[in-house]
Amino acid sequence: MEELPEWTCCGATFSMSADSAMGLVAPTRILASAKEAGKLLTLCSFCYNTLKRTNRVIATDAEQRRKVTTFIEEDYQGNVQTVHLLEVLRDEIGFEALAARVSKRLDGLKVAPYYGCLLLRPAEELGFDDPERPTILENFLKSLGCGVVDFPHKTECCGSFVAVSSPEVAQACSARILDAAVKQGAEMLVVSCPLCQYNLDRVQRQVQAGRGRATGVPVLYFSQLLAIALGCEEGCLHLGEHVVDPRPRLSKWLGQTSQATALV
Amino acid sequence: MAAEPAMVRFFLMGKRHDVPRGLTIQKAMEYSGYRLLRGCGCRGGFCGACGTVYRIGSDYRLKVGLACQTVVEDQMYLAQIPFFPAVKATYKVEDLPPTAETLISLYPEILRCVGCNTCRKVCPQEIEVMRYIAAAQRGDIAKVADLSFDCLMCGLCASRCPAEIVQYHVAILARRLYSRHIAKPATHLTRRVAAIDRGECDADLEVMVAADSARLKALYNAREIEPEDLEAAGQE
């Protein structure tokens with residue numbers, strides 16, 4: 001695995017306008033910069049969605065391909081495969097092999113997997129997992145030793161960009177997701193998308209505790225739990241920057257040597 | 001093989017001029033009778049005052065160069081951009097933390113970058129302008145400072161930016177933040193200033209003030225060069 005020497009923002013949104021080429025420019029340049037490797041890895045749901053859908057346009061729409069590649073002055077035919085880290089863990093490493101490498105099993109931790117929209121939809125373009133009944137996060141969490149909490153809102157929208165224009169609408173979306181997860185016994189949620197993390201975590205600062213709304217529920221990136229389970233240093237995880245501090249619930253696994261859990 | 005014609009024909013803001021081959025754009029303008037009051041500064045490729053855009057014949061590509069450095073070509077159609085309107089934030093760099101938030105609060109338009117790379121294509125210094133704007137968005141101040149180091153602030157990037165970013169003002173803010181808050185302090189300079197303040201150089205200076213011309217020349221020729229280097233060499 002090699003980091004791209006240079007990269008820019010992908011635009012974070014796949015253009016809803018089919019004849020607009022400007023939104024394709026930045027993601028196409030990023031894809032072209034990975035054409036030697038042939039495979040581009042991302043952690044972020046937005047990047048995954050934008051890069052993968054852009055690549056489909058470049059690979060299948062000759063007119064857009066000509067327009068965009070002559071503008072960026074790159075010969076790019078759409079040969080780069082965009083993969084998400086969860087896909088690499090599932091398809092290339094394998095969840096069983098991952099489980100074997102876990103040095104701190106997160107036994108007893110009840111986690112709700114939250115997919116949101118961008119990893120799954122549009123399913124015919126992304127092909128990430130079953131858009132209605134996805135299982136990749138569940139299997140990932142099981143391989144770390146977590147208890148998986150199923151809940152009906154795991155593929156609902158968190159409110160996304162609406163948080164900018166109509167914050168109360170986004171807050172209602174996010175609060176509903178948290179409530180549903182907590183009702184099923186979740187102690188925390190894991191996400192892959194930075195905007196899901198932002199909305200679900202931050203809404204807990206805005207809703208009033210004790211009015212039937214769930215508060216104090218940490219919202220972590222799947223990669224943070226992965227790092228803890230693999231025994232990474234806590235310092236690189238920035239756990240203190242969350243609105244809801246996950247460290248009290250995770251204290252059992254933080255700053256502890258991996259030998260202690262080897263017996264489990 | 002026929003020799004190249006001695007004269008070339010170029011067009012300055014649409015007006016035709018014939019000038020000897022080999023002149024810079026700046027000298028070609030003066031040869032044609034113009035007196036340069038604006039859009040001309042150091043004449044050495046450093047000040048960025050003489051940013052020029054041009055096309056050659058019917059080639060669609062827009063080209064750029066500094067008028068003092070770029071040789072005039074046949075069928076060159078050019079105009080100078082000596083000044084481009086640009087918003088500039090005022091700040092006290094001492095009070096600003098070297099973070100993405102600082103750059104974004106003073107220049108929020110950097111988040112409008114669509115990644116078109118036109119700034120890079122138009123830069124006469126071939127600076128990776130889009131890359132340093134990406135670094136600015138991420139708060140990588142050291143990288144902005146490094147990538148933008150050769151910027152002359154000619155303004156051509158800002159003239160072409162569809163997001164209306166004034167890249168070179170963002171870059172100079174980053175370089176100021178870098179030198180103020182991130183770069184290692186120059187300890188040898190601090191030591192030398194302290195030594196001067198303590199009066200350690202006064203006696204030597206008084207000798208020179210009292211010396212006549214011949215004595216000054218002798219002192220100059222026998223001077224110690226880079227004394228700290230000599231010291232360091234002596235210690236090894």
Residue B:203 to residue B:180: extension gain in nm, 0.36 nm per residue of separation minus the Cα-Cα distance? 4.9 nm
Name all residues of segment A:182-196 having a backbone nitrogen under 19 Å from the label point set 7 Å from the Cα of residue A:88 along its Cα→Cβ direction, giving them as ranges. A:191-194
Identify the chymotrypsin sites (Phe, Trp or Tyr not before Pro) of segment A:89-181 meeting these criteria: DSSP loop state and at most 16 other C-beta atoms within 10 Å of the C-beta. A:161
Pick out, from B:116, B:127, B:87, the residue whose Cα sits farthest towards the positive end of the charge dipole of segment B:54-163, with +1 on the Cβ of Lys and Arg and -1 on the Cβ of Asp and Glu. B:116
Holding the Cα-Cα limit at 27 Å, pick out from A:67/B:63; B:88/B:121; A:35/A:67; A:39/A:110; A:142/A:252 the pairs that are longer than that. A:39/A:110
Assuming R0 = 41 Å, can you tell me the calculated FRET efficiency for the pair residue B:188 and residue A:100, based on Cβ-Cβ distance, to the nearest 0.05? 0.15
FRET efficiency (residue B:216, residue A:1; Cβ distance; R0 51 Å; to 0.05) is 0.20
Residue range of chain A that is longest and free of GluC sites (Glu not before Pro) which are both DSSP loop and sparsely packed (at most 11 other C-beta within 10 Å): A:133-232
Select from segment B:1-48 those chymotrypsin sites (Phe, Trp or Tyr not before Pro) which occupy a DSSP coil region and have at most 16 other Cβ atoms within 10 Å, ordered by residue number. B:34, B:46
How much length is gained if the chain between residue B:47 and residue B:99 is pulled fully straight, taking 0.36 nm per residue apart and subtracting their Cα-Cα distance, in nm to one decimal? 15.9 nm
To the nearest 10 degrees, how steep is helix B:187-197 against the longest Cα principal axis of chain B, on a 0 to 90 scale? 60 degrees
Share antiparallel - DSSP beta bridges, the protein assembly as shown, percent rounded to 5: 50 percent
Treating only the Cβ atoms of Lys and Arg (+1) and Asp and Glu (-1) as charged, compute the dipole magnitude of chain A about its Cα centre; round to the nearest 20 debye. 800 debye
Exposed trypsin sites (Lys or Arg not before Pro) absent - longest run of chain B, DSSP non-H/G/I/E/B, at most 11 other C-beta within 10 Å: B:93-197
Mind pulling up the Rg/Rh value for the protein assembly as shown? Radius of gyration and Kirkwood radius, both on Cα. 1.09
Between residue B:55 and residue B:2, what is the spin-label point distance in nm, taking each point 7 Å from the Cα along the Cα→C-beta axis? 2.7 nm
Divide, for chain B, the radius of gyration over alpha carbons by 2.2 N^0.38 Å, where N is the residue count. 1.40
Binning at 10 Å from 0, report for segment A:94-261 what percent of all alpha-carbon pair distances ends up in each bin. 10, 39, 35, 14, 1
At 222 nm, what helix-only mean residue ellipticity would chain B give, in deg cm²/dmol to the nearest 500, using -39500 (n - 2.57) for each DSSP H run of four or more? -10500 deg cm²/dmol
Given R₀ = 22 Å, what would the calculated FRET efficiency be for residue A:184 paired with residue A:39, taking r from the Cβ atoms and rounding to 0.05? 0.05
About its Cα centre, chain B carries a charge dipole, from +1 on Lys and Arg Cβ atoms and -1 on Asp and Glu Cβ atoms, whose size in debye to the nearest 20 is 1380 debye
Extending each Cα 7 Å along its Cβ direction at residue A:123 and residue B:112, get the distance between those two points in nm, one decimal. 4.0 nm
Farthest toward the dipole's positive end in the protein assembly as shown, which of A:180, B:179, A:135, given Cβ charges of +1 (Lys, Arg) and -1 (Asp, Glu) about the Cα centre? A:180
Roughly how many debye, to the nearest 20, is the charge dipole of segment B:93-182 about its Cα centre, given +1 on each Lys and Arg Cβ, -1 on each Asp and Glu Cβ, and no other charges? 200 debye
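None of the figures in this text is laboratory data; all of them are computed from the coordinates on show. Computed from a prediction, not measured in an experiment: that's the story for all the values here. Counting neighbours? That spans all protein chains shown, and the Cβs are built from the backbone with ideal geometry, glycine included.
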